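Read through the structure below, which is laid out as structure tokens, and then see the notes.
The values are calculated or read from the model by the stated rules, or taken from the named source; none is laboratory data. Treat the numbers as computed from the prediction; the structure is a model and nothing was measured. Here the Cβ is made from the backbone with ideal geometry for all residues, glycine too, and neighbour counts use every protein chain on show.
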Amino acid sequence: MALSDEARERLADIVELQPTKNAELQERWGIEGGSEVHQYLENELKEYYYRNENSLICATPEAVEVVGGDPEDGQRVTVTELQYAVIEVLAGPDKESQSVVSVLHALRDAGRDPFVDDVRSALRSLADKGIVETVQKTVPTFRLAVERDLIDVDVIEA
């Protein structure tokens with residue numbers, strides 16, 4: 001998707017300010033209301049941002065690339081305790097991807113005992129954040145999209 005100069009500048013603001021709120025972007029962009037910020041994000045930058053568990057606006061790795069940053073510099077994310085545990089046991093970007101059940105077994109081997117649906121949800125949430133990539137096989141499989149040491153994690157209680 002080709003971005004206008006204005007959209008590219010606003011995307012750079014998101015990358016710089018992340019995690020951020022509608023009100024902070026409203027002030028930076030000189031927009032009247034938070035709902036206008038939300039509309040702009042959805043209409044112009046939908047594929048370049050997501051909201052974390054605290055509903056704060058964060059840039060995707062693709063957004064960092066678009067504005068000239070280096071996604072290899074790392075990415076800050078806020079995750080639940082289970083999502084953090086998944087990051088710890090999930091195959092790296094250069095390894096064979098894992099099924100949900102494989103990740104579940106790795107978590108159990110690491111001393112955790114989550115429900116399979118919670119693991120599936122954690123993997124999908126991490127994929128939405130750009131931390132995990134989904135590899136379609138007969139069943140979806142997963143692996144980290146970036147090196148583990150490039151992820152700066154804040155863990156929140158679920």
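The single condition from (1) out of contact with any Asp or Glu (no Cβ under 8 Å at 6 or more places or on another chain); (2) over 22 Å from Val15 (Cα atoms) that Val132 fails is (2). For residues that are of a type outside the set (Lys, Arg), at pLDDT below 85 and under 15 Å from the mean Cα position of the chain (by Cα), tally how many sit in region 115-145. Number satisfying all stated conditions: 5.
Scanning region 4-23 for residues that are closer than 20 Å to Asp154 by Cβ and out of contact with any Lys or Arg (no Cβ under 8 Å at 6 or more places or on another chain), we see that the one that is surrounded by the fewest Cβ atoms within 10 Å (Cβ to Cβ) is Glu16. Across region 39-54, the qualifying residues are those that are outside any helix (DSSP H, G or I) and at pLDDT 85 or above, and the one among them that is nearest to Thr78 (Cα to Cα) is Arg51. Sub-9 Å Cβ pairs linking a first residue in region 128-153 that is outside the structural domain of Val103 (by TED's automatic domain parsing) to a second residue that is assigned to a strand (DSSP E or B) and of a type in the set (Gly, Ala, Ser), at least 6 apart or interchain, number zero.
Put simply, of Glu16, Glu36, Glu65, Glu88 the only residue that is acidic (Asp, Glu), touching a residue at least 40 places away in the same chain (Cβ under 8 Å) and either in the same structural domain as Leu144 (by TED's automatic domain parsing) or in a helix (DSSP H, G or I) (or both) is Glu88. Tell me, yes or no, whether region 74-85 has at least one residue that is more than 16 Å from the chain's Cα centre (by Cα) and either touching a residue at least 12 places away in the same chain (Cβ under 8 Å) or under 16 Å from Val153 (Cα atoms) (or both). For region 74-85, residues more than 16 Å from the chain's Cα centre (by Cα) and either touching a residue at least 12 places away in the same chain (Cβ under 8 Å) or under 16 Å from Val153 (Cα atoms) (or both): absent. How many residues does region 19-33 contain that are of a type in the set (Val, Ile, Thr), under 14 Å from Ile57 (Cα atoms) and part of a loop (DSSP other than H, G, I, E, B)? Residues meeting the conditions: 0. How many residues are without any contact (Cβ under 8 Å) to a residue 40 or more places away in the chain and closer than 21 Å to Leu150 by Cα when one looks only at region 108-127? Residues meeting the conditions: 3.
Yes/no matrix, rows are residues, columns are (1) crowded, with 19+ Cβ neighbours inside 10 Å; (2) in a strand (DSSP E or B):
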residue: Ser102; (1), (2): no, no
residue: Asp113; (1), (2): no, no
residue: Leu123; (1), (2): yes, no
residue: Leu126; (1), (2): yes, no
residue: Glu133; (1), (2): no, yes
residue: Thr141; (1), (2): yes, yes
